[in-house]
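Right, one structure below, let's go through it.
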Amino acid sequence: MSKDIKADPAVPADGDPYGERIDEQPHRDATPHAESGLSEGAESVGTAATGGAVSGRSASLWSDAWKELRRNPLFVISALMLLLMVVIAAAPGLFTNQSPRACNLANTVGRPQAGHPFGFDIQGCDYYTLVVYGARTSITIGVLVVGVALLIAIVLGCIAGFYGGFADTLLARAADVWFAIPAILGAIVILSVFNQRGLFQVAFVLIVFYWPVMMRLMRSSVLGTKEVEYVDAARALGASDVRILRRHILPNAIAPVIVYATITVGIVIASEAALSFLGVGLQLPAISWGLMISVSQNRILQDPHLLLFPALFLSITVFSFILLGDALRDALDPKLR
Amino acid sequence: MARYLARRLLQIIPVFFGATFLIYAAVYSIPGDPIRALAGDRPLPASTIEALRDEFNLDDPLPVQYAKYIAGLFRGDFGQSFRGREVSEILRQRFPVTIRLGLLAFAIEVVIGLLAGLLAGLRRGSFLDNLVLVSTTFVISIPIFVLGFVAQLVLGVRFGLLPVAGLREGWVSYVLPAMVLGSVSLAYAARLTRTSLVENLRADYVRTATAKGMPRRRVVGRHALRNSLIPVVTFLGVDLGALMGGAIITEGIFNIPGIGREVFVAVRGQEGTIVVGIVTALVMIFIFSTLLVDILYAFLDPRIRYE
C-alpha cells in the first residue's frame, strides 16, 4: 500500500508507455462531497487551482504536498511529538529503568517527588513508569485498528466505487447497518461477548465500527476520480482494471482517506481509552491510560495526579494525530491554498 | 421525488433488520446463563428454570428467537426483562432523561458551534479564526471522560457554579453534563461550518454577487451562508442520534439515570431484552433522523435532483 502512496503520478515509470502524457497533471476533484452531488462545483474549482500550480514534471500531488508540509510548523511539531511517542512505545526501557510491575504498597497514592515525578498509583507503582508503558498500548491499538480498517476500506471502496452495481449496493447497505448502531453501546455489547478482553478483542471491535466511514470516503473519492479523461485514455490503451485502479485512480483518490485515517488514529486511541475507562475495554493487569484513569476515578478529588498524567499523555497523543491530519489536509487540498 | 422517497424507505428495511439482528446475536452470545444469574447462592428449582426458559424462548435457535422478538416489537411489545419488568416501561422512564440531556447538548452545539464557525469563516486568518481552530482541536483531542472530570472538578466543585452530579436540582443539573456531551460535536460543527463557509466565499457566484454591487451582508446572508449550511445540516441531523447513543460516558460521570447507564447495568446483569430494546430504540431514532436529513437535502440544495 505504501508503494502506491509514494508512486509519483507525474513521473512515468519504466515501461509505462502511456504514463507520461496521461498522468501529466494531478487531478484533484475527489472530495468527500462527491457523493452528495456537490462535485460539479468542486471539480472546476479544484482543477483551476491546480492548473496554475503545475510547473514542470516534478509537481505531483504528493511531492507538492511534501514541500508544503516541510514548511508547516504544525506538521513538524506534531510529527516530532508522534515520533517521540512511537519511540516510547517501541522502547519504553529507554525512558525508565524501573519495571511497571515493581510496586510497593507502602507508597500507595504517593505524591510526585524526586525520582518519581508522577508519584505513585493506588498499588504503589511508579506512575511515571506506568504512563511510559501505557504508550505502547495506545499506539499499537491506534495503528493496528486504522491499518486494518484502511486496508478493508481501500479494497472495498475501490470495488464499490469502480464497479458500482450490485457490489456497491451490497457494501453501502452493510455500511449503513454499522452506522445505525450507536458505536459505544454496540462496542459494549460486542465486547461483553468475549470472556477475556485483550488488545486484539478491543482492536477487533474498533475495526468493526471504523471501517464503514473510511469505505464510504474511499468510494466517493474513487467515484470522483474514475470519470476523468486519463482513466478513459488508459482503458483505451488496453490497461486492465487492476492496473487502472492501482496506477491511475488510487494515487489520485487516496488523499482524503489518508487524511481521515490519520485523524482517526487519534480518535481510535481515545475510543480505546473510553472503553477501558468504562470497564469493557482492556482488563487489568494490562497497562493502558484509559484503564489508569478508570481505576483512579473515585480518588480524583483527593489525588488529582492520578487523573492528570495519563490524561495529559492521552490528550497530547490524540492531539498530535489530529494536528498531523489537519496539516496533511492543508497540504493535499489545493482548494484551501 | 416520490420514487426517490420510495427507494429511500425501502433502504430502511435491511438497515433496521441488520442492525437489530447484530445486536440480538451479540447479546445472545454473551457467555453465561441469564436465568442462573437471577438466582443467588441457592440455585433455582429445575421446574422454575424450565418455565422461565420457556417464557423467554431461550431454548429456541437464534433466528427463531429473533423472529419472535421482532414479531413482538411490531405489536409494540418490547418484551420483559428477566426480573419481570416491562422493557417499554423502562424505556418510558429512562429515555426522557437522555432526550433532555441530548437536546440541551444539541442546542449548545448548534448555537455556539455555528456562531464560532461563522465568525471564524468570515474572518479567515484572523485571531478569532485561529482561536476557534486551536480551541476546537483541543476539545476534540481531550477524551470526553477527562473533559467531564475536569468540568466537574473546576466548575462544579471548585467554583460551585453548577450542580456536580445527579438530577435533584431540576434542569440546571443538565447544564454541565450537556456542555460536556455537546463539546466534541460543537467543535466538529464549528470546524465544518468554517471550512464550508470559506470554500463558498471563494465560489464564482459570490464573486459575481459582489461584483454587481451587492452589499456584503446580503452576499454572505443570501448566497454564501445558505449554501455553506447544507453540509452542516447533514452533520447535525446525524449527530442528534449519535449524541443520545454517546451519552453513556457523560451519564456515568455525572450520575444521570438515562439509557446509557441502564444499558451498562443491563449488560452486566445479562438483561438481554433491556439491552436489545434500548439499542433498537436508538437505531430507530438514527434511521428516522437520517431519513429526515436526506429529504431535507432535496429542498436545501436544488442542484440535487433525485430521479
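Given R₀ = 51 Å, FRET efficiency for residue B:295-residue B:53 by Cβ-Cβ distance, to 0.05? Calculated transfer efficiency: 0.70. Using a cutoff of 8 angstrom between alpha carbon atoms and counting only pairs six or more residues apart, the relative contact order for chain B works out to 26 percent.
Helix B:87-108 and the longest principal axis of the C-alpha atoms of chain B enclose an angle of approximately 20°. Computed with the Debye formula from one identical point scatterer per Cα of chain B, without solvent, the log10 of I(q)/I(0) at q = 0.11, 0.15 Å⁻¹ comes to -0.84, -1.21. Which values of log₁₀ I(q)/I(0), to two decimal places, follow from the Debye formula for the stretch A:172-243 at q = 0.11, 0.20, 0.23 Å⁻¹ with a uniform point scatterer at every Cα? Debye intensities relative to I(0), on a log10 scale: -0.47, -0.85, -1.00. Across all Cα atoms of the stretch B:177-307, the radius of gyration (one decimal) and Dmax (whole number) stand at 20.1, 68 Å. Rounded to the nearest 10 degrees, the inclination of helix B:225-245 to the longest alpha-carbon principal axis of chain B is 20 degrees. The magnitude of the dipole of chain B, with charges of +1 and -1 set on the Cβ of Lys/Arg and Asp/Glu and taken from the Cα centre, is near 1760 debye.
Dimensions of the stretch B:94-258 based on its C-alpha atoms, expressed as ranges along the principal axes with the largest first, amount to 58, 31, 23 Å. Sequence-ordered 3J(HN,Hα) estimates for the stretch B:173-185 from the Karplus curve with 6.51, -1.76 and 1.60 and θ = phi - 60° stand at 5, 7, 4, 4, x, 5, 4, 5, 4, x, 4, 5, 4 Hz, glycine and proline given as x. Mind checking the log10 I(q)/I(0) for the stretch A:275-321 at q = 0.21, 0.29 Å⁻¹? Debye, one equal scatterer per Cα, no solvent, two decimals. Here the Debye-derived log intensity ratios amount to -0.70, -1.05.
Percent of C-alpha pairs per 5 Å bin in the stretch A:180-303, short distances first: 2, 10, 16, 15, 13, 10, 9, 8, 7, 5, 4, 2, 1, 0, 0. Computed from the Kirkwood radius of its Cα pairs, the Stokes-Einstein diffusion coefficient for the stretch A:119-160 at 25 °C and 0.890 mPa s stands at 195 µm²/s.
No value in this document is a laboratory result; all are computed from the given coordinates. From a predicted model like this one, the values you see are computed outputs, not experimental measurements. Glycine also receives a Cβ, built like all others from the backbone with ideal geometry; neighbour counts cover every protein chain displayed.
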